Protein chains: 2
Amino acid sequence: MASGYRVAVVGASGTVGTEMVRILEERAFPVTELILLEPKKSIGAGVEYGGAEIPVRILEKGSFSGVDISFFASDEAVSREYAPSAVKGGGVVIDSSPAFRMSEDVPLVIPEINAPKIYLHKGIIANPGCSTIQMVLPLYPIHKRARIKRIVVSTYQAVSDCGQRAVDELTEQIRDLYSFREIRAEVYPHQIAFNALPHMDKFCENAYTAEEMNLANETRKIFEDDNVRICATSVQVPVFYSNSQSVNIETARKISPEEVRTLLGETPGVEVEDDPASNVYPLAVYATGRDECFVGRIREDFSVNNGIAMWIVSDNIRKGAALNAVQIAEQLILH
Amino acid sequence: MASGYRVAVVGASGTVGTEMVRILEERAFPVTELILLEPKKSIGAGVEYGGAEIPVRILEKGSFSGVDISFFASDEAVSREYAPSAVKGGGVVIDSSPAFRMSEDVPLVIPEINAPKIYLHKGIIANPGCSTIQMVLPLYPIHKRARIKRIVVSTYQAVSDCGQRAVDELTEQIRDLYSFREIRAEVYPHQIAFNALPHMDKFCENAYTAEEMNLANETRKIFEDDNVRICATSVQVPVFYSNSQSVNIETARKISPEEVRTLLGETPGVEVEDDPASNVYPLAVYATGRDECFVGRIREDFSVNNGIAMWIVSDNIRKGAALNAVQIAEQLILH
């Protein structure tokens, strides 16, 4: 392990990029130089780090000279265009966009689950989508114990999944509705305030959204099991931060709710919050700013043999994106 | 059919009761006298009907003398206490509370599906819960065609499900959050603004909520099929009106998404809104104030043989409550 690293954050003005900088500092990641980058059109104010404001520079293919680790926290197109340049200079890219997640030679990593994959990288390591991370973190140990055959998941996703502009759009739509003014919908095709939108990302030919297909495909890749059958419905709700999921699983071997609670109670990164009699279950407003993935409403799904239903909530910006990426980097430099 | 009826609405100051009065007028239900009632503690302003404001009177056991049809739109306790008095006087009760829904001698009716049951009443006819009505209306014809074996449903329910106080609580929490003031949570055990609460009604011993169990039990009663296995997760979201549902079904016989669309296109009370390429799918903000139950995102659920996934949205106060009750009364007086 070197004493420190030159680190770049691409998309540093965005919701996830800003949080990455905060987490790098919180967790005292050994940074010798921090280079913050944004495509010209997205360039924003500087970002606080180590008591100073670091300016955000314009992203160029030459930005990565001498950079050891580049966090990409922008969109898919930016990753596709600039990640190869970051790799060419000898650095490692930790990419939070969907660009390379399903590429065969790119490890898709949740460190608590498959950290060793990190060392098989060929320059790029992919950070899974936020929905995948929070669903797989608690389901993986159940899969190991009882083999999950099928997952049906419906999501309740925060607008911050779609970046700061979406956060602003919800904020402004509500303000406008409360002022009896006409609302504007630009980030979303319809009003998001006081609505539930069953549409995230583009629609595929099979009538699923890319968001839904990604969740299914990424889960199978991390499970290393193509036999797990998954049906997802991804829904945007008027919540600012933290995603919730209603998850039904069927397992090959019987596992009781009590066993699931015990197992998850011992799972790193997971916290069981499951005491309905005292109104205790995971909630988006409490998960926000926390590192854990919270699981509750764990109960038998009586509609099928070996069924379990549960409710999973996690901060989509932290464990769902920025924190997981920084954890990957922490593992990477251990080697 | 008589020329007109003496009609009482119990809970007339509430969200559903007020809407019932509006719908009775809209649909020109033959009313000779309209008696609006509320328990003393809930008594509110009068309600507009036929160009006049009808005062709301205090509900008493003697309130039903000479009343032909009593709509109960208050809570379960009120129905249990006062419905027998309304029946004793010779009138018919149409009850929107869960009080009598599962009683063997009480018909549970969605007129488009099982109108003839109305005439088997012994004084009380039950209006199903809003989640049941909107889920069963499109699923029933699919059940008849392909036999539904299993339903997994996750709901996105509007606060108006919990009455005007809940609507006010969401309104005020948002106003307070936007003003950087502390919020109050009285109707709900936790903040509802910008949150998703997997908790409606009380928890049962099996870790399901009464709301979830009611949805399952009422569906089986209307289907007249105890073999349909159902797992529900009922979630309150910061939406004012109209409930959304993410529904996955498994059928005994194969039915394609195209067949489902055609079948639902011919189903009274249902409207298919399913053109994702043009961003057309059912949405709570558009369903509000409408009578139809909207269905979209109809697609094959590839995670199981003979699986279909869909997204169902309906106005929880209209078809989900007030409209369905008035439709029951319309059928009742045909006899």
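Check the axis relating chain A to chain B and name the residue of A whose C-beta is nearest, distance in whole Å.
In chain A, the Cβ lying nearest the symmetry axis toward B is A:154, 2.
Quick one: helix B:130-146 against the long Cα principal axis of chain B, what's the angle to the nearest 10°, folded into 0 to 90?
50
Hey, with R₀ at 25 Å, roughly what FRET efficiency would residue A:280 and residue B:184 work out to, going by the Cβ-Cβ distance, to 0.05?
Working: r = 20 Å, r/R0 = 0.80.
Efficiency, rounded to the nearest 0.05: 0.80.
Given a Förster distance of 51 angstrom, what is the FRET efficiency for residue B:77 paired with residue A:25, based on the Cβ-Cβ distance and rounded to 0.05?
0.40
Would you work out which of B:21, B:264, B:99 lies farthest towards the positive end of the dipole of chain B, given +1 charges on the beta-carbon of Lys and Arg and -1 on that of Asp and Glu, about the Cα centre?
Toward the positive end, the furthest listed residue is B:99.
How far is residue A:333 from itself in the other copies, in nm, if each label sits 7 Å out from Cα along the Cα-Cβ line, shortest first?
Here the equivalent label points are 7.7 nm apart from this one.
At a Förster radius of 25 Å, what calculated FRET efficiency corresponds to the Cβ-Cβ distance of residue A:61 and residue A:165, to the nearest 0.05?
0.45
Could you work out which residue, out of A:79, A:278, A:256, moves most in a Gaussian network model of chain A, that is, has the largest mean-square fluctuation with Cα springs under 10 Å?
Fluctuation is largest for A:278.
Going toward the positive end of the dipole of the protein assembly as shown, with +1 on Lys and Arg Cβ and -1 on Asp and Glu Cβ, which of A:324, A:30, A:163 do you reach last?
A:324
Answer rounded, prolate or oblate for chain B, using the Cα gyration tensor with square roots of eigenvalues a ≥ b ≥ c: rounded when a/c is under 1.5, else prolate when a/b is larger than b/c, else oblate. Present the calculation step by step, with values, prior to reporting the outcome.
Values: a/c = 1.72, a/b = 1.25, b/c = 1.38.
Since a/c reaches 1.5 but b/c is at least a/b, the shape of chain B is classed as oblate.
Anyone know which of A:181, A:290, A:220 comes out most mobile in the 10 Å Cα GNM of chain A?
A:181
Please give, to one decimal in nm, the separation of the simple spin-label points placed at residue A:330 and residue A:103, each 7 Å out from Cα toward the Cβ.
Rounded to a tenth, the inter-label distance reads 2.6 nm.
Copy-to-copy spacing for residue B:277, label 7 Å out on the Cα-to-C-beta vector, in nm, shortest first?
Label-point distances to the other copies, shortest first: 5.6 nm.
What whole-number value in cubic angstrom gives the convex hull volume per residue for the C-alpha atoms of the range B:211-335?
Dividing the Cα hull volume of the range B:211-335 by its residues yields 142 Å³.
Taking only Cα atoms and a 10 Å spring cutoff, compute GNM fluctuations for chain A and point out the largest among A:258, A:271, A:300.
It is A:258.
Shortest first and in nm with one decimal, please list how far the residue B:33 label point sits from its counterparts in the other copies (point 7 Å along Cα→Cβ).
So the distances to the same position in the other copies read 9.0 nm.
All of the numbers you see were taken from the coordinates with simple rules; none came from a lab. None of the values given here were measured: they were computed from a predicted structure. Please note: Cβ atoms are built from the backbone with ideal geometry, for glycine as well, and neighbour counts cover all protein chains shown.
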